[in-house]
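Following: one structure in structure tokens, then a few remarks.
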Amino acid sequence: MQAAKQNPNATGGAGVLNCLLHGQLSAVETYDRAMERCEDQHVLADLHTIREEHARAVLLLRERAARFGGEPVEGVEPWGAFAALVKDTAEILGPAPLLSALRQGEEHAANEHEDALKKEDVDPECKNLIRTTLLPECRNHVAKLNRLMGGM
């Protein structure tokens, strides 16, 4: 994982925001790759929706990290569980393992967002973004992936 670059004098929790940005960039990359491996049109539509929500979060976090003195991170790899699944299997056997790996990534992201809310150096405006937008989206993604897995 690429270390988040930041200004040592940054305020507002730019380092925390950059960490969350890194996770969102990884999510976009992960969903791009997952959609390449999925043939179920119903699942693809939901994956595309989730991917677009992560892409919007990238824009929000880049803007806020820069505003608070951070240098937004670039270039990331897919989430670990997904990358391991793809590496270990030449072909994914149906969408269930794919959805499970995506859910694991979303759960990890939700935990990172919850941890960010506990940090004192994160600006209240950024905490509000996390609390009202980013964390609820992660939780909704987990629920959506669970529903998709339940329909398998």
Restricted to the stretch 56-82 and to residues being buried (at least 20 other Cβ atoms within 10 Å of the Cβ) and modelled with pLDDT under 85, the residue farthest from Leu102 (Cα to Cα) is Phe68
Flagged in the stretch 96-116 as surrounded by fewer than 24 Cβ atoms within 10 Å (Cβ to Cβ) and touching a Gly at 6+ places or on another chain (Cβ under 8 Å), in numbering order, are His108, Glu112, Ala116
Reported set for the stretch 126-152 where residues are of a type in the set (D, E, K, R) and in contact (Cβ under 8 Å) with a residue 60 or more places away in the chain is Glu137, Lys144
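Glu53 - would you say it is surrounded by fewer than 16 Cβ atoms within 10 Å (Cβ to Cβ) and either of a type outside the set (Gly, Ala, Ser) or in contact (Cβ under 8 Å) with a residue 40 or more places away in the chain (or both)?
no
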Review point. If you check Leu134 against the conditions, is it assigned to a helix (DSSP H, G or I) and within 20 Å of Ala66 (Cβ to Cβ)?
Key: yes
For the stretch 136-152 the number of residues that are surrounded by fewer than 19 Cβ atoms within 10 Å (Cβ to Cβ), within 23 Å of Leu59 (Cβ to Cβ) and of a type in the set (A, V, I, L, M, F, W, C) is 1
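For the stretch 21-63, how many residues are among the polar types (S, T, N, Q) and farther than 30 Å from Glu125 by Cβ? Please lay out each step first, then the result.
Of all residues in the stretch 21-63, those among the polar types (S, T, N, Q) come to 24, 26, 30, 41, 49.
From what is left, the residues that are farther than 30 Å from Glu125 by Cβ are 41.
The total comes to 1.
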### Message
Looking at the stretch 23-45, can you tell me whether even one residue there is farther than 22 Å from Arg147 by Cα, assigned to a helix (DSSP H, G or I) and modelled with pLDDT under 85?
### Response
no
How many residues of the stretch 24-41 are in contact (Cβ under 8 Å) with a residue 12 or more places away in the chain and either surrounded by fewer than 22 Cβ atoms within 10 Å (Cβ to Cβ) or of a type in the set (A, V, I, L, M) (or both)? The answer is 11
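The values are calculated or read from the model by the stated rules, or taken from the named source; none is laboratory data. Since the structure is predicted, the reported quantities are computational estimates derived from the model, not experimental observations. Here Cβ is always computed from backbone atoms with ideal geometry, including for glycine, and neighbour counts include all displayed protein chains.
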